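Here is the structure we will look at, set down as structure tokens.
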Amino acid sequence: MAVTTTLFGTLLGTLAGACTNDPLYIPGAMALEAGMDDGAGGLIEARSSLQLPIKTETPLDAQTRGTRSGSLMVDVPYVKVGDLEVSVEWTIQNLDSTEGQARIQLNGANEFYDYDPALLAAGIDEDDPQPPGLEGDVPLHVPPGGRISGLFREDQLREASIDLDGITRGNVNPFRATLTVDKNLTAFSELTALVYDENGEPLPQESTGVVYPREAFAGIVRVDLVFKPDRPMVLEYVVRVRDVRGIMHELLDAAVVEAPGELHTFAPMTYAP
């Protein structure tokens with residue numbers, strides 16, 4: 001995650017006829033304010049989700065995908081890794097008069113599953129390692145009353161997409177997935193279910209024989225952010241998409257109101273091993 005000390009400009013507007021090198025910009029619905037006392041000895045965190053406005057799948061595409069799924073003997077997604085190149089630009093404003101720290105954790109969903117490490121943390125002792133996010137979650141220093149800006153790059157979102165698919169459909173240990181560089185991976189095997197021993201250590205896993213080639217890797221269709229500052233701060237963000245395959249709706253986020261029937265409906269299951 002690249003970080004700079006300049007504020008990116010407000011990026012709004014609908015771009016039509018985009019090509020691979022013409023990015024589309026979708027602003028977060030609202031600024032996220034967090035870091036205030038929650039009244040119970042903790043600090044308030046803020047969450048935001050942004051669903052990418054993707055056009056409904058054509059009957060021909062669905063038929064082609066079904067045929068390919070049969071040939072590969074695995075489910076081929078409508079939105080694959082490489083169809084969309086996604087990045088997230090953000091800025092943090094420190095509302096306090098003293099220097100602080102903030103973290104931005106990036107998670108998300110593909111069309112099959114969504115991943116929320118907070119749900120996986122239930123029952124885990126707070127002193128033990130907590131389930132990781134897909135990207136980010138590193139300390140960022142914010143000067144008193146100041147602001148910083150940064151970027152989750154395209155290659156980081158590509159890595160997050162592959163990790164998400166590997167964790168959910170491949171049963172890969174989330175720690176292993178997020179600590180391994182997989183953005184250039186050409187295939188992954190489905191592993192046996194992740195099981196822990198009495199000490200909480202993961203037991204060895206074996207391949208089930210099911211292999212997902214890269215053409216079956218599911219791409220991210222929803223971006224989730226968790227904002228965790230240690231004092232009152234505000235996060236604003238913009239999702240940037242290069243529509244390589246041409247599946248984004250030309251109205252972008254306005255399509256939710258103006259043409260909802262033209263947007264593909266995704267219903268991912270919550271990952272809960």
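Figure legend: label point modelled 7 angstrom from the Cα of residue 272 along Cα→Cβ; no residues of the range 188-216 have amide N under 11 Å from it. For the chain, the relative contact order comes to 38 percent (Cα pairs under 8 Å, sequence separation of at least 6).
Based on Cα contacts under 8 Å between residues 6+ apart, the range 14-100 shows a relative contact order of 13 percent. Here r is the Cβ-Cβ distance between residue 31 and residue 71 and R0 is 30 Å; the resulting FRET efficiency, rounded to 0.05, is 0.05. The alpha carbons of the chain give a radius of gyration and a Dmax of 19.5, 61 Å, in that order. The charge dipole of the range 2-262, taken about the Cα centre with unit charges on the Cβ atoms of Lys, Arg (+1) and Asp, Glu (-1), comes to about 880 debye, rounded to the nearest 20.
Under 14 Å of direct C-alpha separation, and excluding same-chain neighbours fewer than eight residues apart, residue 80 reaches these aspartates and glutamates: 57, 61, 111, 159, 163, 165, 215, 243. Descending by average beta-carbon neighbour count within 10 Å, the peptides 237-249, 174-186, 58-70 line up as 237-249, 174-186, 58-70, the highest first. A dipole drawn for the range 187-254 from +1 and -1 charges on Cβ atoms has a positive end, and of 232, 210, 200 the residue lying farthest that way is 232. Computed from label points 7 Å out along Cα-Cβ, the spacing between residue 99 and residue 47 is 3.2 nm. If a spin label sat at a point 7 angstrom from the Cα of residue 21 along the line to its beta carbon, the backbone N atoms of the range 67-89 nearer than 20 Å would be those of 82-87.
Dividing the summed -39500 (n - 2.57) terms of all DSSP H runs of n ≥ 4 by the residue count of the chain sets its mean residue ellipticity at 222 nm at -4500 deg cm²/dmol.
Calculated from the alpha-carbon coordinates, the range 117-273 shows an Rg and a Dmax of 18.5, 55 Å respectively.
Highest mean packing comes first when the peptides 74-86, 157-169, 197-209, 102-114 are listed by Cβ atoms within 10 Å, giving 157-169, 102-114, 74-86, 197-209.
None of the figures in this text is laboratory data; all of them are computed from the coordinates on show. Since we're looking at a predicted model, the values are computed, not measured. Every residue, glycine as well, gets a Cβ built from its backbone with ideal geometry; the counts of neighbours run over all protein chains shown.
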